[in-house]
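Below is one structure, written out as C-alpha cells, with a few remarks after it.
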Amino acid sequence: MKYIAACDTDIGISKKINQDSVCIKTAKTSTGMAALVMVCDGMGGLSRGELASAEVVRSFADWFDTEFPFELPDWDWQTAAHNVISRLRRLNAMLVHYGAQNSIQLGTTATGIIAVNSEYMTFHVGDSRIYKISDKLSQITDDHTYVNRAVKMGKMTPEEALVDPRRNALVQCIGVTGEVAPEIRLGNLENDVTYMVCSDGFRHVLTEKELFEELSAKKTSTKKNMQSKMRELIETVKKREESDNITVALFRAEL
Amino acid sequence: MTTGEILVIAAAAAVFVIINIIMWTIIAKKEKKVRERTTPPADINEKLPDEAAAASGFKLIENTVIVHTNERIIS
C-alpha cells in the first residue's frame, strides 16, 4: 500500500497576504499507512484570517504527530469522528474567545481527509471543498453557504445562486459562529481515485470539466505529476483574474 | 580494664547494633512504600508495550505544513 499526496498554495493576484493554510502528512505505521490532508481558508473579509487558518491547521498537524500514533492501536472511526468534532468545536471556541478579547473577527474554513489504511474520513466546515475524481468528478462535501442552503430549501435556483451577491456568505465557519456542526463522512479508498481538497479561490473560475480532465487519476499518478498539474491550474486561475488566495491539495492511495 | 568497664562497652555496642537494625528496618519499609506508589497498576503496564510498538512503527513520510503567520494564540 502506498499513499501519494501533494499541495500548492498561491497568494493570487489581488490580496496582500495569503490567508490560506494547508497541510499534508503521510506516515508509515505498524499496520500500514495513515494520512492527514487539510485545507483551511482564512476568511478574506475578516481581519487575521491567516492566524485563524494557521491555528486550525497547526492543531491537526500537532495531533497527527503526537497523539495519533498512540490512538492507532485502538483506532475506530466513530471515536475518531467524535474527536475531530470536539477538536473543531474547541478551536471554534478558542477563536471566538480570542476575537472577543481583541475586538476583532477572525475565521476560517476547515476541510480535510484523515486516512488509515484503506479507509478514510472527511471533515468539513465552510465552503472549501473535497472532490473525488474517479471515472467522474464528484463533490463529496456540502458548501456551508447561505445560497447553497437557499437552493436546498427551494428558495433559489442553482443559476441564481451563481450570481447572487451573497454567494460567498457562510452559514458556519470556525471562529465566527457560536456553534459549529462539522460535516463528517466515512468511506473506503479505491485504486485510481484522486481526492482533491481546495479553497474556493481555486475552484471559482475552473469548470468541473477542467478539474476532471486535468486531475484525472492518470494525470496525477505521481507526486511530481500532481505538483505540475496543480501549478498549471493555479496559473490558469490567476490568468482568469481570480481575486482570492488559491490553495489545493491532492491525495490518492495505491492499495 | 575492669569487668564493669567491659560490661559497659559491651552494652553500648549492643545498643548501637539494635539502633542500627531498627533504623534500617524503618528505611527499608519507607522505600518499599515509595516503590509501590510509583509503579503503575498492572493493566497500564500491560498496555504500554503495544502502544510503544505502534508509536515506534510510526514514521512520517510526507510532512508539509504551510501557514502564513508565526503568531500563535495561547489559550
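Structure summary
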read-out: Segment A:7-46: trypsin sites (Lys or Arg not before Pro) in DSSP loop, at most 10 other beta carbons within 10 Å; value: A:K16
read-out: Partners for A:K239 among lysines (Cα-Cα distance below 27 Å; same-chain residues under 8 apart left out); value: A:K15, A:K16, A:K132, A:K136, A:K209, A:K218, A:K219, A:K223, A:K224, A:K229
read-out: Virtual spin-label span in nm between B:I61 and A:N102, 7 Å along Cα→Cβ; value: 3.8
read-out: Spin-label pair B:K33/B:E71, simplified geometry with 7 Å Cα→Cβ offset, distance in nm; value: 5.4
read-out: Whole-angstrom gap from segment A:137-195 to segment A:85-119, using each part's C-alpha centre; value: 17
read-out: 19 Å cut-off, amide nitrogen to a point 7 angstrom out along A:H82 Cα→Cβ, residues in segment A:48-69; value: A:67-69
read-out: Cleavage-rule hits (trypsin sites (Lys or Arg not before Pro)) in segment A:179-255: DSSP loop, at most 15 neighbouring Cβ within 10 angstrom; value: A:R240
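Since every read-out is calculated from the coordinates, none of them should be taken as a lab result. Since the model is a prediction, treat every value here as computed from it, not as a measurement. Backbone-built Cβ (ideal geometry, glycine too); neighbour counts: all protein chains shown.
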